[in-house]
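Notes follow the structure.
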Amino acid sequence: MKASDLFVKALEQEGVEYIFGIPGEENLDLLESIRRSNIKLILTRHEQAAGFMAATYGRLTGKVGVCLSTLGPGATNLVTSAAYAQLGAMPMLMITGQKPIKASKQGRFQVLDVVDMMRPLTKYTAQIVSGERIASHVREAFRVASAERPGAVHLELPEDIAIEEVSASLITPSAIRRPIAEYKAIDKAISLIELAKSPLLLIGAAANRKMTSKMLTRFVNELKVPFVTTQMGKGVIDESNPLFLGNTTLSDGDFVHRSIENADLIINVGHDVVEKPPFFMRSNDKQVIHINYNAAEVDPVYFPQVEVIGDIANSVWAILEKIKPQPHWDFAYFEKVKKAEEKALPHSCNDDRFPIYPQRLVADVRQAMPDNGIIALDNGVYKIWFARNYKAKKPNTVLLDNALATMGAGLPSAMAAKLVYPDKPVLAICGDGGFMMNSQELETAIRLDQHLIILILRDDAYGMIKWKQANMEFEEFGLDYGNPDFVKYIQAYGGKGHRISSANELLPLIKACMNEHGVHLIDIPIDYSENDQILNHDLRELSSKV
């Protein structure tokens, strides 16, 4: 068969459902092979958005998301997406085209060394130099992308290789079982937990990848050990659980950090070094148990005393089989923090002032969304408020990026979530800056006939940087811009535009959009002016109660 046909059959054997991207002339043989396959091509308007969609598909399904570009400028547009998937531990394969490598007639026109370009951004990158190697390259790419820690991989298929006649057969994917932790490490962890006075469970990003929710929920409910999460650990355990103490959104001083400071043992499950450290270890400060798929990366502020390495859910199960709640465990301080937090966090949730305040926005979105509804956040100051105040009820229902933390991913991520879960409500929540970086994908969403709601939080500035600029006592400069009329903008694509003029209009409007099929955009003026004042209010409330 033709090499491009073998390539696509290899993708089909790996279970590929979608390929996101923009083909070029170097991909035309591959494109024809895709046309005759069971794989659906999702044609996007920018390669970066295709990469974000593929990465999010990988994040949600655990399977490798696939995206496609041509050579040169198409491939360079995947760079941010590669970093997004690699830092966020999302399994993704990038396929790029290339000029003929055996007898080029166009010199160096559009030719870059894409393989070397992708090397520092991926787990695996290769140029396919023979059609007979396609099956092994594809199998290895999928194996590496899926293995812990998951990430981005890349294959380059040159134009003249794609048209070769090949006789190679496919390589069947092998079943891989993750290793389990060694029993002595389990016993040592149990001993430390039972001896601790105030143990605390911390849930990180890796715990949100392989559906460890059931075992960690059992751990909390049976042992009554309080827990906190990182931003990318949100939703592993239902955050309406009374033992939930909060999210490590801020750098220091928040409610959750007071709890961490007063724990003598941190049971750190799924820690990922790409997230900002939720605590700093100091000599003789506290003990830490590292439970993860991979060993800890030790640095001056993280050097766990015990490491339990293996499948996370199995490790937690093994601990639960032998451990018992201890009568000397003391969670009184945590309970005080919890009460202070519950009194402080609702501050401004019912505030009628307009432009809308972040806390009111978060409260209304939470009220509108069912437990299984998905919010996909772009990056901006509002992400702090959603991570902190929005209680996630189920795993992977809050899609935020606390790894690369790139702008422009919110809308494509929401679109991918809607493809994976067409029956679940999905909201893209974007600042005006991040939205405009990939706003062209409105056409893609409308062409796909998606039912999607996009909230544009408009402050006509790069608000997060403006806030930090003010905090660092710099003069206000260089961060304000103009915006289009967002209602007319989406209408020009054939979507449905809405604008609120009071805070009380938002909740009923979101509910109305949920009941009307189509791509909806809601223009929401937002006021971040009291960020510091509100956060300081929360800390004052904490100090007075704890």
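Spin-label model, Asp187/Asn294: points 7 Å from Cα along the beta carbon direction are separated by 3.0 nm.
Under the criterion of Cα pairs below 8 Å and six or more residues apart, the relative contact order for region 183-341 equals 29 percent.
Listed by chain and number, the lysines whose C-alpha is less than 17 Å from the C-alpha of Lys511, apart from same-chain residues fewer than 8 away, are Lys424, Lys496. The long axis of helix 531-545 is offset from the longest Cα principal axis of the chain by roughly 40 degrees. Counting only aspartates and glutamates at least 8 places from Lys2 when in the same chain, those with an alpha carbon closer than 18 Å to its own are Glu12, Glu25, Glu26, Asp29, Glu32, Glu132, Glu156, Glu159, Asp160, Glu164, Glu165.
Looking at region 280-357, the trypsin sites (Lys or Arg not before Pro) that sit in a DSSP loop and have at most 11 other Cβ atoms within 10 Å of their own Cβ are Arg282. When you restrict to C-alpha pairs under 8 Å that are six or more residues apart and normalise by the size of the chain, the relative contact order lands at 13 percent. When you filter the GluC sites (Glu not before Pro) in region 230-276 for DSSP loop state and at most 12 other Cβ atoms inside 10 Å of their Cβ, nothing is left. Rounded to the nearest 500, the helix-only mean residue ellipticity at 222 nm of the chain stands at -11000 deg cm²/dmol, with each DSSP H run of n ≥ 4 adding -39,500 (n - 2.57).
Protection proxy ranking, highest mean first, for peptides 366-376, 146-156: 146-156, 366-376, where packing is the per-residue count of other beta-carbon atoms within 10 Å, averaged. Here's the picture: charge each Lys and Arg Cβ at +1 and each Asp and Glu Cβ at -1 in the chain, and of Asn262, Pro325, Gly65 the one pushed furthest to the positive end of that dipole is Pro325. Of the beta bridges in the chain, as assigned by DSSP with both residues counted there, near 5 percent are antiparallel.
Taken together, the values in this text are just the output of simple stated rules run on the coordinates, not laboratory data. These numbers come from a predicted model, not from an experiment. Counting neighbours? That spans all protein chains shown, and the Cβs are built from the backbone with ideal geometry, glycine included.
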